Amino acid sequence: MKRLRRTKATALEFDRNAMPVLTVSQGEEFLVETEDALFNRIRSDEDLPVETLVGDLFSAEPARTNPVAGPIFVRGAEKGDVLVVEVLDIIPEEIGFTSIVPGVGPLKDSYRWRELRGPFTKIIKHLPGKSGTTSDGTAVVSKKISWKLRPHIGTIGVAPEREVVASLTTQGRWGGNIDVRDVARGNKLLLPVFAKGGLLFLGDVHASQADTEFYGVADETRAEVRLRCHVLKKKRISFPRVETRDSIIQLNCSVPLEDAVSQAMLWLIEMMVDEYHIDPHDAYLHTSVNPDLRVHVYQMVKIGALRYTVGVEIPKRYLER
């Protein structure tokens with residue numbers, strides 16, 4: 001199996017002019033070693049996100065954080081296609097970290113919660129699960145706090161057609177720093193293609209994350225990600241979407257939050273009518289009446305140009321004719 005080493009997981013931009021670091025065929029499994037968001041500089045609770053430790057990363061605009069691996073050239077992908085990225089497995093490293101970064105987050109200037117302004121770091125242990133790996137393991141925060149790991153790829157996308165965009169602070173039809181918890185093992189991410197080969201980038205694995213990622217830092221970790229890609233020729237989608245075994249999730253990144261959700265709803269209606277030939281009245285009805293239609297607020301973080309990431313999910317059984 002082809003392996004992309006962590007030394008190639010240091011890109012900070014989605015750039016169509018970057019030379020591919022790996023070439024894969026459709027249906028070929030490959031493995032990517034990802035770096036964590038702060039280049040492995042946080043290894044203990046005493047490693048605080050302050051000027052002395054990560055000053056050179058934070059001093060740039062945008063910050064030189066959130067590295068991604070790539071670009072990965074997928075044979076057969078061309079502009080106007082859709083790249084389907086199948087996540088076969090994600091194995092986080094044995095530890096991760098979360099940090100409160102001074103000047104970042106909703107409590108950055110709080111007087112009520114002075115102690116929550118930061119800096120602060122908490123190392124999270126990742127224990128193996130039944131598989132023998134951390135893919136299905138447990139996060140241990142303390143003797144009292146633990147939960148099942150749900151690793152996902154936080155930043156993933158293809159090269160945009162014209163712009164060079166930062167891996168930390170941007171999102172769009174190409175993907176980006178979207179932090180969608182459902183870009184996880186067993187699921188597929190569908191991305192519009194804007195360049196020959198697709199030019200896939202990915203990184204920023206989170207071993208676990210709460211909805212909204214409220215203060216902007218999840219369970220950040222290094223990881224090994226096993227993937228497989230294929231191409232849907234000449235297929236148009238308005239924005240990336242996730243396909244699980246049982247449902248389809250239409251994504252969107254926008255502000256304010258109500259606009260992000262509304263547009264995702266409209267794209268979901270468009271998908272149901274155009275691709276599944278659902279009657280428009282029935283498609284519209286689902287968005288207001290069906291209790292199985294769910295809205296996810298994956299990321300609601302105000303950092304740089306980041307917008308809110310949402311997903312509207314509908315079970316596949318409602319798309320069957």
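The values are calculated or read from the model by the stated rules, or taken from the named source; none is laboratory data. Predicted model, so just to flag it, every value in this text is computed and none were measured. Because the Cβ atoms are built from the backbone with ideal geometry, glycine has one as well, and the counts that use them run over all protein chains shown. These area figures cover heavy atoms from the full protein model, side chains too; ligands, DNA and RNA do not enter into them. Shrake-Rupley method; radii C 1.70, N 1.55, O 1.52, S 1.80 Å.
Computed values, structure above
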| read-out | value |
| --- | --- |
| Considering residues of the range 171-187 that are more than 25 Å from Arg64 (Cβ to Cβ), charged (D, E, K, R) and under 12 Å from the mean Cα position of the chain (by Cα) only, the residue surrounded by the most Cβ atoms within 10 Å (Cβ to Cβ) | Arg181 |
| Residue that is nearest to Ser247 (Cα to Cα), among those in the range 257-309 that are hydroxyl-bearing (Ser, Thr, Tyr) and open to solvent by less than 60 Å² (accessible area, probe 1.4 Å) | Thr287 |
| Test: residue in the range 46-58 that is surrounded by 19 or more Cβ atoms within 10 Å (Cβ to Cβ), touching a residue at least 60 places away in the same chain (Cβ under 8 Å) and over 26 Å from Thr134 (Cβ atoms) | no |
| Condition broken by Arg181, with the remaining ones in (1) closer than 21 Å to Ile237 by Cα; (2) in contact with a Ser or Thr (Cβ under 9 Å, 6 or more places away or on another chain); (3) not in a loop (DSSP other than H, G, I, E, B) satisfied | (3) |
| The range 112-147 - residue that is among the charged types (D, E, K, R) and touching a strand residue (DSSP E or B) at 6+ places or on another chain (Cβ under 6 Å) and, of those, nearest to Phe58 (Cα to Cα) | Lys122 |
| Out of Gly154, Gly70, Gly80, sole residue that is in contact with a His (Cβ under 8 Å, 6 or more places away or on another chain), of a type in the set (Gly, Ala, Ser), closer than 30 Å to Ala195 by Cα and modelled with pLDDT of 95 or more | Gly154 |
| Top-ranked residue of the range 142-169 - restricted to ones that are among the polar types (S, T, N, Q) and surrounded by fewer than 24 Cβ atoms within 10 Å (Cβ to Cβ), ranked as farthest from the chain's Cα centre (by Cα) | Ser142 |
| Val242 crowded, with 21+ Cβ neighbours inside 10 Å, closer than 18 Å to Ile124 by Cβ and of a type in the set (A, V, I, L, M, F, W, C) | no |
| Per-region count, the range 195-208, residues assigned to a loop (DSSP other than H, G, I, E, B) and either free of Cβ contacts under 8 Å to residues at least 40 places away in the same chain or crowded, with 24+ Cβ neighbours inside 10 Å (or both) | 3 |
| Residue satisfying all of: in the range 237-265; under 18 Å from Pro192 (Cα atoms) and part of a helix (DSSP H, G or I); farthest from the chain's Cα centre (by Cα) among these | Gln263 |
| Qualifying residue in the range 148-165 (condition: hydroxyl-bearing (Ser, Thr, Tyr) and either free of Cβ contacts under 8 Å to residues at least 40 places away in the same chain or not in a strand (DSSP E or B) (or both)) | no |
| Pick from the range 67-110, criterion assigned to a loop (DSSP other than H, G, I, E, B) and hydrophobic (A, V, I, L, M, F, W, C), ranking: surrounded by the most Cβ atoms within 10 Å (Cβ to Cβ) | Ala77 |
| Residues being in contact (Cβ under 8 Å) with a residue 12 or more places away in the chain, assigned to a helix (DSSP H, G or I) and not β-branched (Val, Ile, Thr) - total across the range 266-313 | 9 |
| Of residues in the range 111-134 being among the polar types (S, T, N, Q) and closer than 17 Å to Arg222 by Cβ, the one most open to solvent (accessible area, probe 1.4 Å) | Thr133 |
